[in-house]
1. Within the range 440-462, restricting attention to residues that are over 20 Å from the mean Cα position of the chain (by Cα) and assigned to a loop (DSSP other than H, G, I, E, B), which residue is nearest to Leu581 (Cα to Cα)?
2. Tally up the residues in the range 754-793 that are assigned to a loop (DSSP other than H, G, I, E, B) and either open to solvent by 10 Å² or more (accessible area, probe 1.4 Å) or farther than 13 Å from Ala740 by Cα (or both), please.
3. Being open to solvent by 10 Å² or more (accessible area, probe 1.4 Å), closer than 24 Å to Ser287 by Cβ and part of a helix (DSSP H, G or I) is the filter here; which residues of the range 330-377 pass it?
4. Could you pull out the residue among Glu553, Glu567 that is open to solvent by 30 Å² or more (accessible area, probe 1.4 Å), touching a residue at least 24 places away in the same chain (Cβ under 8 Å) and either in a loop (DSSP other than H, G, I, E, B) or of a type outside the set (Asp, Glu) (or both)?
5. Of all residues in the range 200-258, count the ones that are more than 36 Å from the chain's Cα centre (by Cα), free of Cβ contacts under 8 Å to residues at least 60 places away in the same chain and open to solvent by 90 Å² or more (accessible area, probe 1.4 Å).
6. Please tell me if Leu96 is touching a residue at least 12 places away in the same chain (Cβ under 8 Å), of a type in the set (A, V, I, L, M, F, W, C) and open to solvent by 50 Å² or more (accessible area, probe 1.4 Å).
7. Given the residues Val840, Val867, which is the only one that is open to solvent by less than 20 Å² (accessible area, probe 1.4 Å) and in contact with a strand residue (DSSP E or B) (Cβ under 6 Å, 6 or more places away or on another chain)?
8. So which of Arg163, Arg135 is touching a residue at least 40 places away in the same chain (Cβ under 8 Å) and in contact with a Phe, Trp or Tyr (Cβ under 6 Å, 6 or more places away or on another chain)?
Amino acid sequence: MTFKGNLESGSRHLLGIHINKILATLAFVILVAGCASRQERPDATENIAVRWELVTNFTDKPDVFDAKFELINNSDLSLTNKNWTLFFNMAPRQLLKPETSQQATLHHINGDWYKLVPNETFTLDPGRSVTISYRGVEAVIKETDRPMGLYFVFYNDAGEEERIVEVDDYAWTPLTKPDQINRNAQDEEPIPTSEWTYKNNVSAFAVPDSDLKPIIPSPVKIKAGSGVLNITNDMQIYFQKHLENEANYLAASLKDLTGQEFKKVSAPISGKMISLQIQKRNGIDRSEAYRLEITNNGVSIVGSDAAGVFYGVQSLRAMIPIEAYQKKSSSFSLPNVIVEDAPRFGFRGLHLDVSRNFQTKETILRVLDLLSFYKINRFLFYTTEDEGWRLEIKDLPELTDVGAQRQHTSGKETPVLHPAYGSGPFAKANDKFGHGYYSREDFIEILKYADERHIKVIPELNFPGHARAAIKAMEARYERLMKEGKEVEANEYRLIDPDDSSVYLSAQGYKDNVVSVARESVFHFYEKVVDEIAAMYSEAGLKLDMFHTGGDEVPEGAWTKSPLAAELLKRHPEIRDPKNLQSYFFRELIKRLKNRNLQLHGWEEAALMKTQQGSYAPNHEFAEEDVVLYIWNNMFDYPDLGYQLANAGYKVVLCNVSNFYFDLAYSKDPKEPGLYWAGFVDTRDAWTFAPFDMFKTTTKNSMGQNLDLETSSSVGGAQSKIIVEHLKPEAKNNILGVEAQVWSETIKGREMLEYYMLPKLIGFAESAWSAERRWETIQDKAERELLIQKEWNQYANTLAKRELPRLSYLNSGYHYRVPPPGAVIENGMLKANTEFPGLVIRYTTDGSEPTATSAEYQQSIAVTSKVLLKSFDASGKSSRSVQVDID
């Protein structure tokens, strides 16, 4: 599946799900317990089309939407009330009982897996169609919310699964009306029409090239000199001892740019050179600091350590003009300059989820290149989740044999991963992104590649929740070994209490994704995985010293009807509530992993305790341990949680959902892919962040309503006022840094991943690396907003003219987002502008899509018909098109 049409040209993308004519007999057996066999009969030719439409998000009940399916029977097979079921995935929503009688009913199975089942009165003969309406809770506003991965299962007269056929003729009605794009009456987030975008861009203006930022992220000090230095391969790269890696990296980068080999030498030389050295001295005495000096005599990069030298190299690369990439000449010129720089935070991270939808090793290496260019030094590699286990673990083959693929199964109880996120019914199907994993060799290669770029890879095993892939894999192992009569071995790594009848629903709709914290085998499994990952680090020549334990989103109700948990609670009455078994689990992990000398990381929930009043409060128990907490919640019930925990003595990483969740859509436009449960995040949001006073930059809630958290606020739309806790001066050092998140529920393949990340990552890099910005400490809101706008305008110009075009050439080009233009027609005159001044706007008036050769918009112009417009950068990369109609 590709979203290229949506993202680049704005054309409507149809998932293409059509049941082709089946003319030959074909049978195969899926060799996993509970999975159906498929046979296609020569006497039945199916061609059943499916249509889907969101009717409205505004019904007679609050927060309830209406939608409908249409089945069109173009086959010669009669559909009855017993011989078919339609399975699919869609954004998880609670389903409501239909207001009127329907011929079929939607059922939620598990996660985002649903089915449409015929009712007793159902019949659909060839040539006929039927519409099935349904209702659900929580609005649907994105094309990425729609049903995906549709397939029919056909049954024989005995009710047995006989055939599985993917739907090939599937289309949906575009979301165009306000009642389809707005979520509810409280939704104040504007619909980003071209007219609204034009008004929102009015404050942006072009600045001279001399005012652009020469390096992003911005260095601490930069002083322009006079003259320029011509870089040719006549200049040798001299590197001090222990800097061969950095010299090799620089030489490879210059060769990629110029096509020329640059000689590297480790003995001092005379004449013009590029010099790489380590030396601690005034201005570069902090970790990762550097001094870059370009003069007529050559280039000098001096770092406080090897990482500092590496970042000096990246700043050198950042200064290379775009023309050098475009012309691919054997030499280029750089202005003389002195740069002194050091990072604001030692922890500058990106979290990437490859479990829900898989990304290849090659894509991960491209991401690491991108991170290193923008001086990001931590990579939280999320390889385990409910929907997939993506890392080979020695001695536990089921983790990848079962956990690294998804397929149709008879129900959620079988030891199989069912379809998710449109992955379809068949394991290992191409372009579905449901299958795949990293071998030990792959992972070791990734570790080495990251280390060469001064990026520390932090692995994560998310327990006790988000564990379904591991649970199902270990159940498959259990069943295999029990059949072999090896009961002790079968139970060695089992993760569930088989008698647990607890009822819960996770944030992603799962009913079976929590491990039993009362089983010793759960801890044994965890230690086994940690030790095997540590062994891979060792083979890569590295030491595993940080490990993320997850710990987020354990659903209410987990363990409440588990006999094993009940026994544990009897032995430990101080735990009080089953919810607090999560703290018990974390406590046990800390004890058991202590001798491995690991700094343990976890999501904020790992340090929360349920009080006797039923609310949650910081648990001070682990503050003295070597524990780091990642804080995502800065908008909902606990907008000050990060500061509460830092003030309590915890080391924290700020992962604020309002600024750094890159999987949230850029905007409310239905064609703009992504999630929106916490609102929307664009490049400016990632750039506008005050880490030591984040209430200044948390300005809207998830519904676009204004927030004022600087003193007190209405949080999440609630009416009651709450007083937020500010960061104490003595706790500033407990803020280790910041991290951006990319969760992959809606991300299919490399291009979508890069689109979600870029250019948000460039804004994030400024918040992570650069020194405190002047506006961060201004208390007067009006004065602060003026300065923010001024500095952002400079940044936006730099994005348009330098950063975006460069991305078209690095690594053979990244698939970044170019923002579409804003436009209005007033009194017959077309007016247009861009979010990033410096982008070129091109337009057509004949209904065709604008291209790089279409007319360029330079000033208001008279038009007499509808206009299509696109933004283009200097590389020729364009936005999707927008249309403006004559009133």
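1. Filtering first and then ranking leaves His454.
2. So the first thing to find is which residues in the range 754-793 are assigned to a loop (DSSP other than H, G, I, E, B), and the list is 758-759, 770-773, 778-780.
From what is left, the residues that are either open to solvent by 10 Å² or more (accessible area, probe 1.4 Å) or farther than 13 Å from Ala740 by Cα (or both) are 770-773, 778-780.
Residues flagged as assigned to a loop (DSSP other than H, G, I, E, B) and either open to solvent by 10 Å² or more (accessible area, probe 1.4 Å) or farther than 13 Å from Ala740 by Cα (or both) within the range 754-793 amount to 7.
3. Asp369
4. On the way: Glu567 fails: either in a loop (DSSP other than H, G, I, E, B) or of a type outside the set (Asp, Glu) (or both).
Step by step, each of Glu553, Glu567 is checked, and only Glu553 is open to solvent by 30 Å² or more (accessible area, probe 1.4 Å), touching a residue at least 24 places away in the same chain (Cβ under 8 Å) and either in a loop (DSSP other than H, G, I, E, B) or of a type outside the set (Asp, Glu) (or both).
5. Our first condition is that a residue be more than 36 Å from the chain's Cα centre (by Cα); within the range 200-258, this holds for 223-241.
Next cut, free of Cβ contacts under 8 Å to residues at least 60 places away in the same chain only: 234, 236-241.
Filter once more, so that each one left must be open to solvent by 90 Å² or more (accessible area, probe 1.4 Å): 234, 241.
Counting residues in the range 200-258 that are more than 36 Å from the chain's Cα centre (by Cα), free of Cβ contacts under 8 Å to residues at least 60 places away in the same chain and open to solvent by 90 Å² or more (accessible area, probe 1.4 Å) gives 2.
6. Values: touching a residue at least 12 places away in the same chain (Cβ under 8 Å): yes; of a type in the set (A, V, I, L, M, F, W, C): yes; open to solvent by 50 Å² or more (accessible area, probe 1.4 Å): yes.
In short, yes.
7. Working: Val840 fails: open to solvent by less than 20 Å² (accessible area, probe 1.4 Å).
Unique residue meeting the criteria: Val867.
8. On the way: Arg135 fails: in contact with a Phe, Trp or Tyr (Cβ under 6 Å, 6 or more places away or on another chain).
None of the other options fit; the residue is Arg163.
The values are calculated or read from the model by the stated rules, or taken from the named source; none is laboratory data. As the structure is a computational prediction, the values presented were derived from the model and not from experiment. For neighbour counting, all protein chains shown are included, and Cβ atoms are generated from backbone atoms with ideal geometry for every residue, glycine included. Areas reflect the complete protein model, heavy atoms only, side chains present, ligands, DNA and RNA absent. Shrake-Rupley method; radii C 1.70, N 1.55, O 1.52, S 1.80 Å.
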